[in-house]
Ligand SMILES: *Cc1c(COP(=O)(O)O)cnc(C)c1O
C-alpha cells in the first residue's frame, strides 16, 4: 500500500485506549531515534524499560535474522532448540530450576499466580487461595493480574473482580503482617515498583516478606518484569537484595524488544504444572527465544552490568544540576538505570507537559504517574548521549517552568 500513515490516522483506525505523541518514530539505532520528518531524539524511555540494548543492537539483529531464516514457530507440541537454550541460560544464571515461556509480563504473572494457587491447592487444600499484593503495584492487564495490581482505576467498570485478593501498603511490613495468614497462597510484589512511581523496595520489607511467606507456607512471587534483566546492575533485582523468591517473572528487557515473557521457579513448585494445566500457543517460540537468548547473554556480562552503576551516577548528577537550576524535584530516586524524579508541588502534575516539551527538544521521556519523570534507557547508552539528552531535558524543563511563571 503506497500510503504514509500519520498520527491522525491513529484516531481514525485505532481504539482510543492510548494517546500517543504527535510524532511517529520510524527508525532507531543505539539510544537515538528518528521520526518521519527525519528529526532525531535521544531515547531515555527505552520503550518502557524494554530496549535494554538500545535499538537495532547487532547481536539481536543477528539472532533475529539467523533464526528468521531458520524456524519461526512450532507450537509446544514440539520442543525447540532456542527455547531450551534460553531455559538453560536462565536456570544457570538464577535460583531457578525450571522456566516457562509466554509472550508478555502480564502472561508471566498470570502463570505465576495460577501456579501459586495450584501449588497451594495440591499441597494444602482448597481454602488456601488468598493472594497478598500491594498498593500502587502493577502486574499486567489480564483480568487476574490487573486485579492483583494495586491500582483500582484499572479494574473499575469491568464487572466482578476475582476474589481472594488483598492489598497492603508497599514498604510497610506491618501492613503485610496484618494480611498474610495461613490461607495465603502467595505474596506478589515488585522488589522495585516501576509504574507505581519508581520506588525501590526496602531491604527489611523484602526480607520480612520472605519470612512471612515461609511462616505461612505461602509462595513469594517477585514480579521483575520491569526491574529485571540488568536494570539494577544485577541480572535480577533479587540478587541486589539477596532475597530469593519462589517464583520470578520476567519480560520487557528479556527480549530486548521482541515480545517474550518467562516465569522461573524451583523443581518442587514447578512439579504441580502437570501436562495440560497451563499453556500458550506462541510461548517460547524459536524466534522470540533466539532473540531473548542473545539479549540475556549480552546483558549478563560484567561489561554491561558494571556499566550500569556509572550511568546511574551520571543520570543522578545531571538531574541534580537541573534541579539546582529550576527547583523542580522533591526527590531523585532509584537503582541502576530505573530512575525517578518526582516533581515538587510547584510543578505538580507536569509529567505529560514535560514529555511533550521533551519531544519538542529532541528527547524521549517517560513518566510513572502524573508527577514522576521516569528514566529507563538502554543499559549501554553512551555517556555522550546521556549528556546530550540531559541538555535537551534541561531545555524541556525550562519550557515547562516558563509556562508555570
Ligand atoms: C510492564 C509490567 C507488567 C506487564 O507487562 P506486559 O508485557 O505489558 O504484559 C507487569 N509487571 C510489571 C512490574 C511491569 O512493569
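Readers should treat all values here as calculations from the given coordinates under stated rules, not as data from a laboratory. Note that the coordinates shown come from a computational prediction; the quantities given were computed from them, not determined experimentally. Please note: Cβ atoms are built from the backbone with ideal geometry, for glycine as well, and neighbour counts cover all protein chains shown.
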Selected from 14, 390, 188 as most flexible by GNM, with the chain as the system and alpha-carbon contacts under 10 Å: 14
What value does the chain have for Rg/Rh, both radii from Cα atoms and Rh as Kirkwood defines it? 0.97
What residues from segment 247-275 fall in the zone where the backbone N is under 14 Å from a label point 7 Å along the Cα-to-C-beta line of residue 88? none
Obtain the nm distance between the two label points defined at residue 21 and residue 303 by a simple spin-label model: each point lies 7 Å from its Cα along the Cα-to-C-beta direction. 3.0 nm
How far is it, in nm, from the label point at residue 156 to the one at residue 73 when both lie 7 Å from their Cα along the line to the Cβ? 3.8 nm
Under the Kirkwood approximation applied to all pairs of distinct alpha-carbon atoms, what is the hydrodynamic radius of segment 240-390 in Å? 18.2 Å
Whole-Å semi-axes of segment 46-103's equivalent ellipsoid (Cα gyration tensor): 21, 18, 11
Helix 383-404 against the longest principal axis of the chain: what's the angle in degrees, Cα atoms only, rounded to the nearest 10? 70 degrees
Compute the acute angle (0 to 90°) between the alpha-carbon long axis of helix 286-299 and the principal axis of greatest extent of the alpha-carbon atoms of the chain; round to the nearest 10°. 70 degrees
P(r) over all Cα-Cα pairs of segment 222-279, 10 Å bins from 0 to the longest distance, whole percent per bin, short to long, reads 23, 46, 27, 4
Please compute the length gained on full extension between residue 114 and residue 127, using 0.36 nm multiplied by the number of residues separating them and subtracting their Cα-Cα distance. 3.2 nm
Using 0.36 nm per residue of separation minus the Cα-Cα distance, give me the extension gain between residue 65 and residue 203 in nm, one decimal. 45.5 nm
Scattering from the C-alpha atoms of segment 196-318 alone, worked out with Debye: what is log10 I(q)/I(0) at q = 0.18 1/Å? -1.12
When all Cα-Cα pair distances of segment 71-299 are considered, the percent exceeding 23 Å is 43 percent
Tell me the mean residue ellipticity at 222 nm calculated for the chain from its helices only (DSSP H runs of n ≥ 4, each -39500 (n - 2.57), averaged over every residue, nearest 500). -12500 deg cm²/dmol
Angle in degrees between helix 302-326 and the longest Cα principal axis of the chain, rounded to the nearest 10: 50 degrees
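Expressed as a rounded percentage, what relative contact order does the chain have, with Cα pairs under 8 Å and six or more residues apart?
Relative contact order comes out at 22 percent.
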Percent breakdown of C-alpha pair distances by 10 Å bin, ordered from the shortest bin, for segment 1-128: 9, 22, 31, 23, 11, 3, 0
Among 174, 360, 246, rank each residue by its count of other Cβ atoms within 10 Å, from fewest to most, as a rough exposure measure. 174, 360, 246
On full extension of the chain, what length is gained from residue 37 through residue 346, given 0.36 nm per residue of separation minus the C-alpha to C-alpha distance? 107.8 nm
The computed P(r) of segment 130-176 puts the percent of Cα pairs beyond 12 Å at 59 percent
Contact order normalised by length for segment 71-299, with contacts defined as Cα pairs under 8 Å and 6 or more residues apart; what percent is it? 29 percent
